[in-house]
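So the structure is just underneath, and the comments pick up after that.
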Amino acid sequence: MEIVCPIDAELGTEISALLTPPSPADVEEYLNELIQSSSRQCNGITVKQNGELGKGVYADSDLKEGELLLKDQMLVGLQHSSNKIDCLVCSFCFRFVGSVELQIGRRLYLQELGVSAGRDCCEADYSAEDEDLDDSGPSSSIYKEKVPLPKGIVESLMNGGLKLPYSDKFSLPPAVPCPGGCKEAYYCSKQCAESDWDLSHSLLCTGERSEAISREALVEFIQHANDTNDIFLLAAKAVSSTILKYRKLKVAYSEDREKTPNVAGSPHLSLLLKAWKPISVGHKRRWWDCIALPFDVEPSDEAAFRMQIRELAFTSLELLKAAIFDEECKPIFSLEIYGHIIAMFELNNLDLVVASPVEDYFLYIDDLPNPEKKEVEGITRPFLDALGDDYSVCCQGTAFYPLQSCMNHSCSPNAKAFKREEDRDGQATIIALKPISKGEEVTISYVDEDLPYEERRALLADYGFKCRCPKCLEEGPKLCD
Ligand SMILES: C[S@@+](CC[C@H](N)C(=O)[O-])C[C@H]1O[C@@H](n2cnc3c(N)ncnc32)[C@H](O)[C@@H]1O
C-alpha cells in the first residue's frame with residue numbers, strides 16, 4: 001500500500017507555493033546576483049534562459065583557452081562518510097587540516113583499528129606530476145602490501161611528537177573542533193566553524209550544545225543515511241539551512257514589520273518562501289520519479305522499485321522530523337518537498353574533490369635530488385610502506401554548486417571542472433577548454449565525453465535526460481521520416 005505523508009495531505013497549498021518555480025526573470029536575477037557577489041570568482045559569464053534546455057551559462061565576453069570562468073561556492077556539500085576515515089578536512093570549506101603528520105598518523109591509527117576504507121582517488125583531475133614517476137616512485141601501479149608501524153610511532157605522529165623532514169613545506173591550518181562538541185566536525189578556522197554553525201550545523205550537531213530537538217533521533221537519522229544514501233545528509237543540510245534562515249528572517253521581520261512586505265498573505269509563508277529561495281531555483285522533479293531504473297530491475301518491476309525509493313525517502317524524512325522538526329516550517333517536512341530536494345542533488349551535484357597534502361608530500365620527497373633523497377627516504381619510506389597504495393587518497397564527497405549546476409551538458413564541451421594546483425578547498429573550479437566567443441553557451445561534460453555514444457547515453461540517463469548536443473544528434477540513431 002502506498003504510504004501517505006500526513007503533511008502532504010494537510011498543507012497542499014503551502015507545498016504547491018514552495019514548489020511553484022520562480023519566474024525566469026527572478027531566477028536570472030538571483031543567479032546573476034551570485035555572479036556579482038564578491039565571494040565568488042566569476043569571469044565573463046552570465047546566466048540566461050536557454051529556450052530548449054531551461055537555463056544555461058553564457059559567455060558575456062570573449063574567453064581564452066585555459067581561462068578561469070568560475071570558482072563556485074557550494075550551497076551544501078559533504079565528505080563521504082567512508083572518506084572521513086582517510087582524510088581530516090574542514091567540514092565547511094573542505095581544506096585539509098592539522099598537519100601532514102596528523103593526516104598520516106590518524107589514517108594509520110584507524111587502519112590498525114581495521115576501519116580504514118582508503119581507496120584510489122581521482123588523481124587524473126588533479127595532478128599531472130605523478131606521470132613522470134618510475135615504478136619505484138610512490139604512485140607505482142603495483143599493489144603494495146602495507147607494512148604496519150609500531151603503535152608508539154603512530155601516536156607520536158598524531159600528537160605532534162614526531163616531525164617528518166620537509167613537512168613544514170606542506171603546513172596546514174590547525175584543526176578547530178566543532179563548537180557544539182560533536183567531535184565529528186572539525187574546521188580550518190573559527191570563521192568556518194561559525195559559518196557552518198549558523199548555516200546548518202547548529203541543528204544537525206550531535207554534541208551537547210546542539211539545537212536539535214532530539215540528539216538520539218539525529219544519530220538515528222545519520223546512521224540511516226550512512227547505511228542507505230548519504231544524499232539524505234545533504235537534504236538535511238538544505239532543510240536545516242532553510243529553517244535557520246527562516247528564523248533569522250522572522251527576527252528581522254518582528255523588529256521591523258514595516259519594511260518586510262507580506263507578499264503571500266501569511267507572514268510565515270512569505271518568510272519561508274524567502275528562506276527557501278536557494279532551493280527553489282534548483283529543484284524540478286521528485287527523486288522517485290526521475291531516478292534511472294537500475295540494470296538489475298526488470299521494467300515490469302519499475303512501479304514497485306519507485307515505490308520502494310519513495311518509502312526509503314519517507315523513512316529518512318520521519319527520522320529527520322523527529323530530530324529537527326519546526327512547526328512554523330512544517331511544509332518543508334513534507335515528502336513532496338523532501339523528494340524534490342533529494343532529486344535536485346542527485347541530478348545536479350558535482351563530485352567534491354580536494355587533493356591530499358600527503359600525496360604532495362611524498363611526491364616532493366620522491367623529486368628530491370640524490371643523495372638527499374636517499375637520506376630522507378630512509379626516514380619517510382616506512383610511513384609510505386605503512387600507508388601502502390592509499391597514501392594518495394584525496395578528500396571525496398558531493399556538493400551542489402548554484403552556478404555550476406546551471407551549466408548544460410555537451411559531449412564536446414568548451415569548459416570543464418578542473419582543480420588547479422592552488423585550488424585546495426571544496427569550491428568548483430571551471431576552466432575554458434577552448435576559446436569561447438561572447439554570446440556562446442558555456443558547456444561542460446557530465447560524463448567522460450570520449451566514451452562511445454551508447455555508454456554516454458546510459459550514464460546520462462542517471463542525470464535524467466537524453467542528450468541533445470550536436471555530437472549526440474550526429475552519432476545517435478537517426479529518426480526516419
Ligand atoms: C545541471 S542542469 C543544467 C541547467 C538546466 N538547463 C536548468 O535549467 O536548470 C541539467 C539539466 O539540464 C538539461 N540538459 C542539460 N544538458 C542537456 C543536453 N545536452 N541535452 C538535453 N538536456 C540537457 C537536462 O534537463 C538536465 O537534467
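Considering Glu216, Glu208, the condition of being in a loop (DSSP other than H, G, I, E, B) and surrounded by fewer than 19 Cβ atoms within 10 Å (Cβ to Cβ) is satisfied by Glu208 alone. Examine the stretch 393-407 for a residue that is more than 16 Å from Leu352 (Cβ to Cβ) and either in a loop (DSSP other than H, G, I, E, B) or within 11 Å of the ligand (Cβ to nearest atom) (or both), and state whether such a residue exists. Within the stretch 393-407, one or more residues are more than 16 Å from Leu352 (Cβ to Cβ) and either in a loop (DSSP other than H, G, I, E, B) or within 11 Å of the ligand (Cβ to nearest atom) (or both). Determine, yes or no, whether Ser210 is out of contact with any Leu (no Cβ under 9 Å at 6 or more places or on another chain) and either of a type in the set (Gly, Ala, Ser) or not assigned by TED's automatic domain parsing to the domain that holds His340 (or both). Taking the combined requirement at face value, the residue does not satisfy it. Entry remark, the stretch 274-327: residues being closer than 28 Å to Pro24 by Cα and either aromatic (Phe, Trp, Tyr) or in a helix (DSSP H, G or I) (or both) number 11 in total. Selection of the stretch 22-59 for residues being away from the ligand (no atom under 16 Å from the Cβ), in contact (Cβ under 8 Å) with a residue 12 or more places away in the chain and assigned to a loop (DSSP other than H, G, I, E, B) yields Ser39, Arg40, Asn43, Gly44. Within the stretch 272-289, can one find any residue that is modelled with pLDDT under 95 and of a type in the set (A, V, I, L, M, F, W, C)? So far as the stretch 272-289 goes, yes, one or more of its residues are modelled with pLDDT under 95 and of a type in the set (A, V, I, L, M, F, W, C).
When the criteria are applied in full, Glu474 fails the requirement of being surrounded by fewer than 16 Cβ atoms within 10 Å (Cβ to Cβ), farther than 30 Å from Phe295 by Cα and within 16 Å of the ligand (Cβ to nearest atom). Pairs are defined by a Cβ separation below 6 Å, a sequence spacing of at least 6 or placement on different chains, a first member in the stretch 270-285 that is without any contact (Cβ under 8 Å) to a residue 60 or more places away in the chain and outside the structural domain of Lys250 (by TED's automatic domain parsing), and a second member that is within 16 Å of the ligand (Cβ to nearest atom) and in a helix (DSSP H, G or I); no pair meets this definition. Is it the case, given these coordinates, that Cys406 is in contact with a Pro (Cβ under 9 Å, 6 or more places away or on another chain), over 26 Å from Glu112 (Cα atoms) and crowded, with 22+ Cβ neighbours inside 10 Å? No.
Condition first: charged (D, E, K, R) and under 26 Å from His283 (Cα atoms). Can you find one or more residues in the stretch 50-57 that meet it? Yes, the conditions are met somewhere in the stretch 50-57.
The values are calculated or read from the model by the stated rules, or taken from the named source; none is laboratory data. Quick caveat: nothing in here was measured; it's all calculated off a predicted structure. When we count neighbours, we look across all protein chains shown, and the Cβ atoms used for this are built from the backbone with ideal geometry, even at glycine.
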